[in-house]
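Structure, as structure tokens:
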Amino acid sequence: MKLILLGFTAAAALLMTNQVLAVDGKEVYAKSCAGCHAVLSPKLGDKTAWELRLKQGADALMTSVLKGKGTMPAKGGNASLSEADIKAAVDYMLAQLK
């Protein structure tokens with residue numbers, strides 16, 4: 001019985017850890033992206049400004065964020081962002097176009 005309970009406790013702890021580690025794209029955007037994308041193109045929610053970028057596909061968009069493009073520095077200038085952070089922020093930003 002103790003072994004089963006221990007297994008359940010470990011599984012519950014793992015689930016809680018995964019929930020804590022889930023990346024909030026809106027939060028990443030607010031902390032690392034909004035400073036530029038609220039005033040510079042492409043602005044959040046501006047379908048016309050995002051149209052050409054969307055045609056290039058999700059992989060090209062992620063690459064441009066990771067490596068930088070034009071006036072945007074790599075990782076939007078926040079080197080501490082992980083790929084998961086960036087993907088969450090990009091997903092959040094793209095969701096604002098719908």
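Counting Lys and Arg as +1 and Asp and Glu as -1, what is the net charge of the other residues whose Cβ lies under 13 Å from the Cβ of Glu83? Around Glu83, the charge tally is 0. Largest accessible area first, the listed residues Lys26, Lys55 line up as Lys55, Lys26 when surface is computed with a 1.4 Å probe on the assembled protein chains.
Against the criterion of solvent-accessible heavy-atom surface with a 1.4 angstrom probe, Asp85, Asp46, Asp24 sort, most first, into Asp24, Asp46, Asp85.
Taking a ≥ b ≥ c as the square roots of the eigenvalues of the alpha-carbon gyration tensor, region 25-98 is classed rounded because a/c is under 1.5. Straight-line reach from Lys75: which lysines have Cα under 27 Å away, leaving out those fewer than 8 places along the same chain? In chain and number order, the partners are Lys26, Lys31, Lys43, Lys47, Lys55, Lys67, Lys87, Lys98.
The values are calculated or read from the model by the stated rules, or taken from the named source; none is laboratory data. All of these numbers come straight from a predicted model, not from anything done at the bench. FYI the Cβ positions are ideal-geometry reconstructions off the backbone, even for glycines, and counts take in every protein chain you see. To get the accessible areas, we keep the full protein, side chains included, count just its heavy atoms, and leave off ligands, DNA and RNA. Shrake-Rupley method; radii C 1.70, N 1.55, O 1.52, S 1.80 Å.
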